[in-house]
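Data first, discussion second: the structure below is written as structure tokens.
Coordinate-derived values only; no laboratory data. Remember, it's a predicted structure, so these values are computed and weren't measured experimentally. Neighbour counts run over all protein chains shown; Cβ positions are idealised from the backbone, glycine included.
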Amino acid sequence: MAGHAVEHDYHLIPPSPWPFLSGVACLVWGVGMVTFFAGLVPRTGESPMLEWFFSKGLDSLQDSYRPVADQVGADGGWAILLAGTIMAALVMISWWKDVAAESRAGDHTPVVDIGLRYGMIMFIMQEAMFFVGWFWMFFELGLFHKMRAAWNTDVLENAPEYADSMAPGIHAVDAWNLPLMNTIVLLLSGTTVTWAHHALIHGDRKGAKWGLGLTVLLGLFFTGLQGIEYVELFHERGEGAPWLSTDAYGSAFFMATGFHGLHVLIGTIFLGVMFLRLTKGGLRPEKHFGLEAAAWYWHFVDVVWLFLFAFVYIIFASSLHG
Amino acid sequence: MVALPGENISAEPAGYHDDGKPKFFARWFYSTNHKDIGTLYLIFGIISGLIGGFLSFMMRMELADPGIQFFTNEHQYLVYVSMHGLIMIFFMVMPALIGGFGNWFVPIMVGAPDMAFPRMNNLSFWLLPTALICLLISFVVPGNANGNGFGGSWVMYPPLSTTGHPGPAFDFIIIGLLAAGFSSIFGAINFITTILNMRAPGMTMHKMPLFAWAVLVTAFLLLLALPVLAAALFMLFTDRIAGGTGFFDPARGGDPQMFQHLFWFFGHPEVYIMILPAFGIVSHIISTFSKKPIFGYLGMAYAMVAIGVVGFVVWAHHMYTVGMDVNLKAYFLAATLVIAVPTGVKIFSWLATMWGGSIRFTIPMQWALAFIFLFVVGGVTGVMLANAGVDAYLHDTYYVVAHFHYVLSMGAVFGIFAGFYYWFGKMFGVMYNKFLAAAHFWLFFIGVNVIFFPQHFLGLNGMPRRYVDYPEEFAIWNQVSSFGAYITLAGVVFFFLMLIEAFIVRRRVGDNYWGEGATTLEWTLSSPPPYHQFNVLPRIEDNAEH
Amino acid sequence: MKSPTNKTTIIAAIIAVAIGVGTFVALIVLGLGGERGMGQPVDGGYFLQDAATPVMEDLTTVHNMVFYWISGITAFVMALMVYIMIRFREKANPVPSKTSHNTAIEVVWTIAPVLILLFIAVPSMQLLYFQDKLPETDMTIKAVGNTWNWSYTYPDLENIEEIISNPLDEVQAKAQGKPYLLGTDAQLVVPVDTNVKVLVTSINNMHSWTVPSFGIKMDAVPGIINETWFRATREGVFYGQCSEICGIKHYYMPIEVNVVSKAEYARWVANDGAFTSSVAQNNTLMGSGQTAAQK
Ligand code: HEA
Ligand code: HEA
Ligand code: CUA
Ligand SMILES: [Cu+2]
């Protein structure tokens, strides 16, 4: 069969360096993550290579259970992390450039296009499961916290000293301030991205540009507001406002909203790239899966935010305050 | 050479040499070819199998006698146990079954020229060496005051994995598992898209070979389970940073048990992720060598779907002793028992496939038959463990170790070897030496049974897991078990002899060297298949057998 | 054509039945026939340790019941495979049939396991609820897992100080006649025929408080207090081992419970936690699940 000419519409791709380089970039990034956040501590002089590689002092392990805190920002770690991030970014840019070029070259036949759609849906499904993890954590902490602390009243009577290990009081973030604003911003951006999509379908490229541009701006605005909220919380930490390290609510709050924020950022970049492609004349009315994928992603991020707003900000905040 | 029935010896397939294969570096590092990537996965699986096997042999040597003989301290033993579990699961079984055979044969079986996203396919592969390197680095960087490496078991429960291991060793494991996890997620997206979107004309879902079904269900399990593990790993990572979060820190209102829920919500589907592809492979082998179509095809396919679905709602049977509410335990008990039903359907359908057949005991068939029997042994002990009341005795004893090695080291691994010998000629174009292969099989079969059957006794007698030293009452069976490990080691040696011999002697095989009975599409291609198969898509006729 | 096949069928059936029944009998004899440890493992033992509480008695019953079923299923599958492998090998059956469906048999092999599982599930649930339900408790003890030893307190008793139960090293164990890796330097003392509530928690890593002969295994989790109960029906010393990985000395934090007569226990309490009679101390020294009188 090898002799036959290709008679199918699938997209066979020539060898590409990006996946391999992604693996390398991931390794650098991973080592950077560890060195930056935890610090690498060679224990003895036995491994000179490691010593050369990692800049931590040899004495660190003597007080071995010392919190890893004072090693945050350990010298050298940030450089590796930065290098890994830059490498990853470069690889991704090149990779997606290739994809865009292939799309222009007509490699994305109808059947390939359907495949891309499946791929994107599956990707969003796994993102959803990722957030299921965080919400599950949050519900567990919120719903069963009292039950856990007072595991069994009978037990507590018998062993009063165990009551000491009860969790400290929970403080939550006020939902009706910046978070409300953020909700409105995101909902609005959901409509603008739909506007852009419809405009493009109807050949109104100018409208599409406006819609997409506004969406990107709203996305950036959201990130800005979120940043302000974090900074405020940071300054008020210890005065009753939740912070990452103060209690379980703070942890769940910051990690869940933080990962959501990261997704907003990714979505914004995704939409921004589509905006660039649009201004450069890419994306045709009949074929613009890139934009659709970005819009799907954006709606997904939107929905996650609504859940966050409903549960993390409103429902649990009020129930936990009391 | 020993000619196999129905085998025709052919020269190099025509056109094999000038089919646009890239040069060495581009071909193996920048690959976008599902078969080459599949081969890379298999090589990777073999390397990891060696590392994981080495660790387990060291463990068995240590456990052969009471006392601490080989390891510098107890920490090192626990490091070996943890790394053995992680490497075997994430770097041997999953790459071999899903990445290796899945990549090689799913596109061919559904009649597609390649995977849906060939470049992303290669990304899935190259994240794995990255991940393995992270795990290997973890060996040589400090874990805690007792030494290098992470010794908190493959389940990584906090607080042992947070405050108990302040060194960077565990951070590397987190990063490595995240990389491996994303590799699998991308792989899952790829398989799902390929199977749903790239079936050849006429190949309806209900005509699709069972291995493709198995990989489809597996891919969904991966897609839905791994992100939860990723979230849990991130929580561990930020908990470990001082000044970081307190998800699992009771002093700050966190809940250490919550990690177990998140982990096992991933962990239980994970065990089916490791066995379903083996089910698929075994189905093909049983059918081929009985010269019969598979019995109850639809039942077989939907049994796997059922196992996949139910597999998501039984996770807490790993947590019977954590102090759960009794009604929850009762629920998980019942749900866990339910899984025995679809699994039974599969077992009996295999037997019914053989019934009335004309059975040839080739090497892959021997592995497959052994698989069925040993999987039943492992499965029924799982049913014992599912009884929450009894599990209060058996949990974290060697009974559990025996259970899961029967389904893993004899289920999943026998599935891998069965597939490897079944498709060896197809993948590499050459036939193995039957004697060496038979020696591999028998040494392995006897060896693993001698290792793991006595571990049931140890568990019943009360020996807990993850013990570097034990009361001398347990000595006898431990000695037997370690002896079995030496037999298995001999089996592994024969596996490599077989490989070396086959590639030196190079007995070429024909397209369909198993003859009648081998009916799936890969047998219509040359051995090895052309660099790009199905330039003209095959057409599946309406009356075709699956 | 006909006669050899018939002969094969008969031979195959005989061999299969022999192997199946043989396996079943062997498993049962092997499983149930072995020597049992009371309160500690026995040398080369291959079955559950003997029961010293009602929970463990029920647990043993349920275990044995499930064990019969799974041995039977394993033997059945094995016999069937052997039969098929002989009867339908290529030589005996050169022409394969083409059957690939039979709804009746498929229904049977779906329903039959369901029924078996129901037989298993009912007693199993009863055991589960019995194990969980705290009866009227007569006394409470707290077991706290530390890295790496257990400490016990008696919240109801003011005069008994916290018992810190450290493992004995090999030399000490030999000197005291206790089994190494099971014996401790300070036991938990409880009276016989008494409902004891156990509160289990941990101050650091997770551990698991385990006494096989009591049918107890309860995780010790920091920040959480788990409870369980037992009612020892025999006097003697009962050993267990930490059963949740807790770091390097995981294998080295055993549990030792001394069950004494009620009178002896009363004297022990009155004496601020010291033994007066030699019987109880002998119990300690015997280091086995039997009282001196029984030996
Ligand atoms: C491939 C991997 C794999 C597979 C397929 C299974 C399959 C099953 N497992 Fe297993 N299991 C593991 C891997 C696997 N397991 C691992 C790795 C662990 C330990 C993790 C750790 O702690 O480190 C574990 C632990 C584990 C536990 C926790 C024990 C403990 O820690 O206390 C339990 C408890 O319920 C359990 C149950 C089951 C059941 C009911 C099945 C069922 O799916 C089995 C179904 C099969 C059959 C029953 C046989 C065939 C059926 C018939 C012939 C029909 C007739 C049968 C009946 C009517 C009974 N497993
Ligand atoms: C797939 C999983 C897998 C496999 C194959 C094995 C294989 C073996 N295991 Fe492992 N084991 C685990 C998964 C596995 N194990 C897990 C999850 C744990 C729990 C860890 C924990 O508690 O945290 C464990 C724990 C564990 C213990 C308990 C330790 C303790 O609790 O203290 C012991 C002790 O004997 C043991 C021994 C062995 C032995 C002797 C083998 C032998 O069978 C090894 C023989 C060698 C091989 C089977 C490799 C051959 C394969 C290849 C060479 C690759 C071939 C590939 C292709 C053809 C593509 N294992
Ligand atoms: Cu304490 Cu294990
Ligand atoms: Cu499970």
**Asked** Residue by residue through the stretch C:41-48, which ³J(HN,Hα) values in whole Hz follow from phi under the Karplus form 6.51 cos²θ - 1.76 cosθ + 1.60 (θ = phi - 60°), with glycine and proline marked x?
**Response** x, 9, 4, x, x, 9, 9, 3
**Prompt:** How do A:120-128, B:507-515 rank on mean C-beta neighbours within 10 Å, highest first?
**Reply:** B:507-515, A:120-128
**Asked** For B:R539 and A:I184, FRET efficiency with R0 = 56 Å and r from the beta-carbon atoms, rounded to 0.05?
**Response** 0.50
**Message:** Output the 0 to 90 degree angle, nearest 10, between the alpha-carbon long axis of helix B:118-140 and the longest principal axis computed from the alpha carbons of chain B.
**Reply:** 30 degrees
**Prompt:** Measuring from a point 7 Å past the Cα of B:V326 along Cα-to-C-beta, which residues in the stretch C:227-262 have an amide N at less than 15 Å?
**Reply:** C:227-231
**Asked** Can you flag which of C:K142/C:K174; A:K97/B:K23; B:K434/C:K91 are past 26 Å Cα-Cα?
**Response** C:K142/C:K174
**Item:** Ratio Rg/Rh, restricted to the stretch C:139-294 and using Cα atoms, in which Rh is the Kirkwood radius
**Value:** 0.94
**Request:** Give the order of B:I98, B:I47 when sorted by the count of other beta carbons within 10 angstrom, beginning with the fewest.
**Result:** B:I47, B:I98
**Complete:** Looking only at lysines whose Cα falls under 18 Å of A:K209's and that sit 8 or more positions away or on another chain, we get A:K280, A:K287
**Asked** In the stretch B:340-387, what chymotrypsin sites (Phe, Trp or Tyr not before Pro) fall in a loop by DSSP, with at most 14 other Cβ atoms inside 10 Å?
**Response** B:F361
**Message:** With an 8 Å Cα cut-off and a minimum separation of 6 or more residues, compute the relative contact order for chain B in percent.
**Reply:** 20 percent
**Request:** Report the local net charge at B:Y399: Lys and Arg +1, Asp and Glu -1, summed over other residues whose C-beta lies under 15 Å from its C-beta.
**Result:** +1
**Complete:** Simple SL model, points at 7 angstrom along Cα→Cβ for C:K249 and B:A26; separation in nm is 6.3 nm
**Message:** If amide hydrogens are placed 1.01 Å from N in the peptide plane, which non-local residues have theirs closer than 5 Å to the one on B:T245?
**Reply:** B:D239
**Message:** Suppose we keep just the DSSP beta bridges with both residues in the protein assembly as shown; what percent of those would be antiparallel, to 5?
**Reply:** 70 percent
**Asked** With no solvent and one point per C-alpha, what does the Debye sum give as log10 I(q)/I(0) for the protein assembly as shown at q = 0.04, 0.05, 0.07, 0.09 Å⁻¹?
**Response** -0.23, -0.36, -0.71, -1.16
**Message:** I'd like the mean, over residues of C:115-127, of how many other protein chain beta carbons sit within 10 Å of each residue's own Cβ.
**Reply:** 4
**Prompt:** Taking a threshold of 20 Å on the Cα-Cα distance, which of the pairs B:K21/B:K207; B:K35/B:K291; C:K197/C:K262 fall above it?
**Reply:** B:K21/B:K207; B:K35/B:K291
**Complete:** Any residue on another chain or 5+ positions along whose placed amide H is under 5 Å from the amide H of C:I216 is listed here as C:V211
**Asked** Counting only residues 5 or more places away or on other chains, whose amide H sits under 5 Å from the amide H of C:Q241 once H atoms are built in the peptide plane?
**Response** C:T210, C:I255
**Request:** For peptide C:169-180, compute the average count of partner chain beta-carbon atoms within 10 Å of each residue's beta-carbon.
**Result:** 1
**Item:** DSSP-defined antiparallel bridges as percent of all bridges, chain C, nearest 5
**Value:** 70 percent
**Item:** Segment C:L32-C:T9, length gained on full extension (0.36 nm per residue, minus Cα span)
**Value:** 4.9 nm
**Message:** What distance in nm separates the two pseudo spin-label positions at A:K280 and B:H206, each 7 Å out from Cα along the beta-carbon direction?
**Reply:** 4.9 nm
**Request:** Using θ = phi - 60° and the Karplus relation 6.51 cos²θ - 1.76 cosθ + 1.60, list the HN-Hα couplings for the stretch A:288-297 in order, rounded to whole Hz, with x at every Gly or Pro.
**Result:** 8, 5, x, 5, 4, 4, 4, 5, 4, 4
**Asked** Along the stretch B:484-499, what does the Karplus equation 6.51 cos²θ - 1.76 cosθ + 1.60 (θ = phi - 60°) give for ³J(HN,Hα), rounded to whole Hz, x for Gly and Pro?
**Response** x, 4, 5, 4, 4, 4, 4, x, 4, 4, 5, 4, 6, 4, 4, 4
**Request:** Please order A:F234, B:F295, B:F483 by the number of other Cβ within 10 Å, starting at the fewest.
**Result:** A:F234, B:F483, B:F295
**Message:** Only counting other Cβ atoms within 10 Å, I'd like B:I87, A:I80, B:I476, B:I286 sorted with the fewest neighbours first.
**Reply:** B:I476, A:I80, B:I87, B:I286
**Item:** Cα-projected label distance for C:D138 with C:D272, points at 7 Å along beta-carbon direction, nm
**Value:** 2.6 nm
**Request:** Would you mind calculating the relative contact order of the stretch C:6-132 from Cα pairs under 8 angstrom and at least 6 residues apart, reporting the percent as a whole number?
**Result:** 31 percent
**DSSP beta bridge pairing in the stretch C:139-294, given as percent antiparallel to the nearest 5** = 70 percent
**Request:** Could you compute the FRET efficiency for C:V171 and C:D43, with r as their C-beta to C-beta distance and R0 at 25 Å, rounded to 0.05?
**Result:** 0.75
**Prompt:** What 222 nm value per residue comes from the helices of the protein assembly as shown, counting each DSSP H run with n ≥ 4 as -39,500 (n - 2.57) and dividing by all residues, nearest 500 deg cm²/dmol?
**Reply:** -19500 deg cm²/dmol
**Request:** Return the FRET efficiency for the residue pair C:V108, A:W78: r is the Cβ-Cβ distance, R0 is 51 Å, and the value is rounded to the nearest 0.05.
**Result:** 0.15
**Message:** Compute the distance from the alpha-carbon center of the stretch C:204-220 to that of the stretch B:113-189, in whole Å.
**Reply:** 30 Å
**Asked** Stokes-Einstein at 20 °C, 1.002 mPa s, Kirkwood radius from Cα pairs: D for chain B in µm² s⁻¹?
**Response** 89 µm²/s
